[in-house]
């Protein structure tokens, strides 16, 4: 047996001491011996595991936390001890969960599926988090935990995990920045956030659209079409009648900007939305959302992409807004909003909105 093994057995003999202070000294002595710089044989590692595990179980939280902190950066620590400490209360487990390379993904997933949110948050801070581990965190983590995971550039999330994150972010504004700011978020999912985030984050989405290359754009659109739901909400009672009337007008060549503006002016809302959706090639529900929420930046994107001129956009804006919104005196700023939108960026952005219009065709193919 090596010198380390001999000294280790001597220390074990001291473990008969009933004094907790002597046992604490023993624990530190065995730990020091482990980190002595010597290379330990497999049998010695097993012995260290048994002794340290037994001693640690008898120690108070502060001593176990000290041991965990020392072991967290070890390359080949006693695995039984590591697993026991990682499953301990968070004051003990945190350094191991956050950075130990000795804990396998399999064991971390097991912890993620059984432990509380503090353990999940510690795992979410690891320098790298595999997709399978991220899936487990997204499944059980609360929104605070999810936010930490999304902000971790070293965390890899599967497509499914990203989708769940976006679904949850739609309902929780506290997650908006974490989702939109995530570099690895698929671009089609990023665009799903457009209508739920504030203006500053919308600018980041359109900037990302402007930067994407055509090949990535097509791949993102293909992925997005698989996700888009066929139903986005109940249609109004007069939808079928309005759709038939609008399509008849289009067939007769009677549909144009003036007719569209007249529909809105006369408060023929369903017919206007059907016509806007047809002329801009977006779906009815997106058009309705823009109108009901007075989404002027989104309306500008639609009008620019559809080649509606600035005056028509301003007409829509004035008719959409209430007198209290003081639309007439703010017309210049609305016009600037339209003018400052690059046509190419609007076309890229609206292609994601058009996915809902084409989903039925894709599903039937």
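Side notes on the structure shown:
- Theoretical ellipticity at 222 nm over the chain - DSSP helices of four or more residues, -39500 (n - 2.57) apiece, nearest 500: -20500 deg cm²/dmol
- Cβ crowding within 10 Å, taken as a proxy for footprinting-reagent exposure, orders 94, 151 from fewest neighbours to most as 151, 94.
- Computing FRET efficiency as 1/(1 + (r/R0)^6) for residue 160 and residue 89, where r is the C-beta to C-beta distance and R0 is 30 Å, gives about 0.45.
- The stretch between residue 281 and residue 76 holds 67.8 nm of extra length on full extension. This uses 0.36 nm per residue minus the Cα-Cα distance.
- Computed from the C-beta positions of residue 50 and residue 219 and an R0 of 41 Å, the FRET efficiency is 0.15 to the nearest 0.05.
- For the pair residue 172 and residue 143, the difference between a 0.36 nm per residue extended length and the Cα-Cα distance amounts to 9.6 nm.
- Rg over Rh, two decimals, the range 29-83 (C-alpha only, Kirkwood Rh): 0.92
- Normalised by 2.2 N^0.38 Å, where N counts its residues, the alpha-carbon radius of gyration of the chain equals 1.47.
- A straight chain from residue 247 to residue 198 at 0.36 nm per residue would run longer than the Cα-Cα distance by 14.1 nm.
- At 1.306 mPa s and 10 °C, Stokes D of the range 264-343 from Kirkwood alpha-carbon radius, µm² per second: 126 µm²/s
Since every read-out is calculated from the coordinates, none of them should be taken as a lab result. None of these values were measured; they are calculated from a predicted model. We place every Cβ from the backbone using ideal geometry, glycine too, and count neighbours over all the protein chains shown.
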